[in-house]
Amino acid sequence: MTNIATMEAAANTEEIQLRHVEKDVLIPKMMREKAKELCVEKVQAFNHCCKDTGFLMVLKCREQNAALKECLTIHYRDPLFFEQCKQEYIKEKLEFERTGIATKNRKQKLPASM
């Protein structure tokens, strides 16, 4: 992509008007998914603790839960992270409008039997 095309794409993403559900539901959902990827070590530690502890996980996994919440909250409250997710959401939206194919369907591999 040339610099002009990149600048035009960036300008287009800023001009897009997002609906309430996109701003308040869909983009935060994307943020949660990405934050879990960024906090993968804390997620794994908490999951491991819960699996090993069973019914007493509420008491025994407090430390892992607190560390996980802290890591996720840092990302949720980061305005730059929100903006990155918003721009990614807009790019996916524009690509869907252009192709008619959802991102999750574009990323799937075609069956070998075709």
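The values are calculated or read from the model by the stated rules, or taken from the named source; none is laboratory data. Everything quoted here is computed from the prediction, not taken from an experiment. When we count neighbours, we look across all protein chains shown, and the Cβ atoms used for this are built from the backbone with ideal geometry, even at glycine.
Kindly check whether there is at least one residue in segment 36-59 that is more than 25 Å from residue 102 (Cα to Cα), of a type in the set (Ser, Thr, Tyr) and within 16 Å of the chain's Cα centre (by Cα). Within segment 36-59, none of the residues are more than 25 Å from residue 102 (Cα to Cα), of a type in the set (Ser, Thr, Tyr) and within 16 Å of the chain's Cα centre (by Cα). Filtered by the rule that a residue be polar (S, T, N, Q) and farther than 23 Å from residue 38 by Cβ, segment 51-108 gives 53, 99, 105, 108. For segment 15-60, the tally of residues that are hydrophobic (A, V, I, L, M, F, W, C) and outside any helix (DSSP H, G or I) stands at 3. Just checking, does segment 92-107 include any residue being assigned to a helix (DSSP H, G or I), touching a residue at least 24 places away in the same chain (Cβ under 8 Å) and of a type outside the set (Val, Ile, Thr)? Looking through segment 92-107, at least one residue is assigned to a helix (DSSP H, G or I), touching a residue at least 24 places away in the same chain (Cβ under 8 Å) and of a type outside the set (Val, Ile, Thr). For beta carbons closer than 9 Å, sequence separation of 6+ or different chains, a first residue in segment 42-69 that is among the aromatic types (Phe, Trp, Tyr) and a second that is at pLDDT below 95 and not in a helix (DSSP H, G or I), the qualifying pairs are 46/61.
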